[in-house]
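Derivation of every value follows stated rules applied to the coordinates shown; laboratory data play no part. Remember, it's a predicted structure, so these values are computed and weren't measured experimentally. All Cβ positions, even for glycine, are placed from backbone atoms using ideal geometry, and neighbour counts span all protein chains on display.
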Amino acid sequence: MKTLLMVLLLCLFTAAAMAQRPKSPDYQAQHEAMQKLQFLVGHWEGTGWIAFGGQRSTFTSSEAVEARLDGLVVLVSGLHSVAIPNRPEPMVIHDAFGVFTYDAEAGHYRFRTYLAEGYSGDYTATMEGEDLIWTMQNPQLGDVRYTIRLNEQGQWFEIGERSSDGETWEQFFEMTLDRVAE
């Protein structure tokens, strides 16, 4: 009787544990979607500009992109800096790390970012044709979207735009990078 009760309890606990087990991810859908981001993989360097308050500033940029876990995760590490007169080293103006994954259930990419200043964020990204577009809400800028693509020369070409109404967009950022290593 004791043994039968133990077996029944074990069956109940096993069934309860199985019922709470998370649904298996759709590996195939994740892998196929993440393959579309492989064009970013490599080490990139170049220049760009950013405009705030009518002032345009130029910067140099370096982006290192790696695919991990059989391509299911894409890591992006970016560093932007400006040359300062009478200073031996450029001043870093943007130091960021990001992680792209694909949420097969939601049908879009997730982009988790971390900045050297301590900020972080979770954003949505999509592929529209050959363009990778990620969006965010910014209290100072309104709706913000970044669009990344390879241009005709095979360079990483990225623009940033902002909108106060979600319909009219104003460009405030542009960057063109050459792949310097795989």
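Could you check how many residues of region 68-105 are more than 19 Å from Tyr123 (Cα to Cα) and either assigned to a strand (DSSP E or B) or small (Gly, Ala, Ser) (or both)?
Summing the residues that are more than 19 Å from Tyr123 (Cα to Cα) and either assigned to a strand (DSSP E or B) or small (Gly, Ala, Ser) (or both) in region 68-105 gives 10.
Would you say Ile133 is more than 10 Å from the chain's Cα centre (by Cα), under 20 Å from Val41 (Cβ atoms) and not in a loop (DSSP other than H, G, I, E, B)? Steps first, please.
Working: more than 10 Å from the chain's Cα centre (by Cα): no; under 20 Å from Val41 (Cβ atoms): yes; not in a loop (DSSP other than H, G, I, E, B): yes.
Judged against the criteria, Ile133 is not a match.
Exactly one of these conditions fails for Gly71: (1) in contact with a helix residue (DSSP H, G or I) (Cβ under 8 Å, 6 or more places away or on another chain); (2) loosely packed, with under 14 Cβ neighbours inside 10 Å; (3) not β-branched (Val, Ile, Thr). Give me its number.
Tallying (1) in contact with a helix residue (DSSP H, G or I) (Cβ under 8 Å, 6 or more places away or on another chain); (2) loosely packed, with under 14 Cβ neighbours inside 10 Å; (3) not β-branched (Val, Ile, Thr), Gly71 fails exactly one: (2).
Restricting to region 135-182, name every residue that is of a type in the set (D, E, K, R) and under 24 Å from Ser62 (Cβ atoms).
Matches in region 135-182: Arg145, Arg149, Glu152, Glu158, Glu161, Glu174, Asp178, Arg179, Glu182.
Could you give me the residue pairs with C-beta distances under 8 Å whose first residue belongs to region 87-103 and is without any contact (Cβ under 8 Å) to a residue 24 or more places away in the chain, whose second residue is in a strand (DSSP E or B) and among the β-branched types (Val, Ile, Thr) wherever it lies, and which are 6+ apart or on separate chains?
Final answer for the pair search is Met91/Val82; Ala96/Val76; Ala96/Thr113; Phe97/Val76; Phe97/Thr113; Gly98/Val76; Gly98/Thr113.
Out of (1) over 12 Å from the mean Cα position of the chain (by Cα); (2) closer than 22 Å to Ser163 by Cα, the odd one out for Gly121 is which?
For Gly121, the failing item is (1).
Specify the residue that is nearest to the chain's Cα centre (by Cα); the eligible residues are those in region 74-91 that are surrounded by 17 or more Cβ atoms within 10 Å (Cβ to Cβ) and within 21 Å of Thr47 (Cα to Cα).
Taking region 74-91 and keeping what is surrounded by 17 or more Cβ atoms within 10 Å (Cβ to Cβ), we get 74, 76, 78-80.
Now restrict to residues that are within 21 Å of Thr47 (Cα to Cα): 76, 78-80.
Working: Val76: 7, Gly78: 11, Leu79: 14, His80: 16 Å.
Selected residue: Val76.
Go over the candidates Glu45, Glu63 one by one and state the one that is touching a residue at least 40 places away in the same chain (Cβ under 8 Å) and either over 22 Å from Ile133 (Cα atoms) or more than 16 Å from the chain's Cα centre (by Cα) (or both).
Among Glu45, Glu63, only Glu45 is touching a residue at least 40 places away in the same chain (Cβ under 8 Å) and either over 22 Å from Ile133 (Cα atoms) or more than 16 Å from the chain's Cα centre (by Cα) (or both).
Which condition from (1) farther than 21 Å from Trp49 by Cα; (2) in contact (Cβ under 8 Å) with a residue 24 or more places away in the chain; (3) part of a loop (DSSP other than H, G, I, E, B) is the one that Gly154 breaks?
Checking Gly154 against (1) farther than 21 Å from Trp49 by Cα; (2) in contact (Cβ under 8 Å) with a residue 24 or more places away in the chain; (3) part of a loop (DSSP other than H, G, I, E, B), the one that fails is (1).
Just checking, which of His94, His31 is surrounded by 14 or more Cβ atoms within 10 Å (Cβ to Cβ) and over 21 Å from Glu158 (Cβ atoms)?
The match here is His31.
Right, Val144: in contact with an Asp or Glu (Cβ under 9 Å, 6 or more places away or on another chain), within 21 Å of Ile50 (Cα to Cα) and either in contact (Cβ under 8 Å) with a residue 60 or more places away in the chain or aliphatic (A, V, I, L, M) (or both) or not?
Details: in contact with an Asp or Glu (Cβ under 9 Å, 6 or more places away or on another chain): yes; within 21 Å of Ile50 (Cα to Cα): yes; either in contact (Cβ under 8 Å) with a residue 60 or more places away in the chain or aliphatic (A, V, I, L, M) (or both): yes.
So Val144 passes the test.
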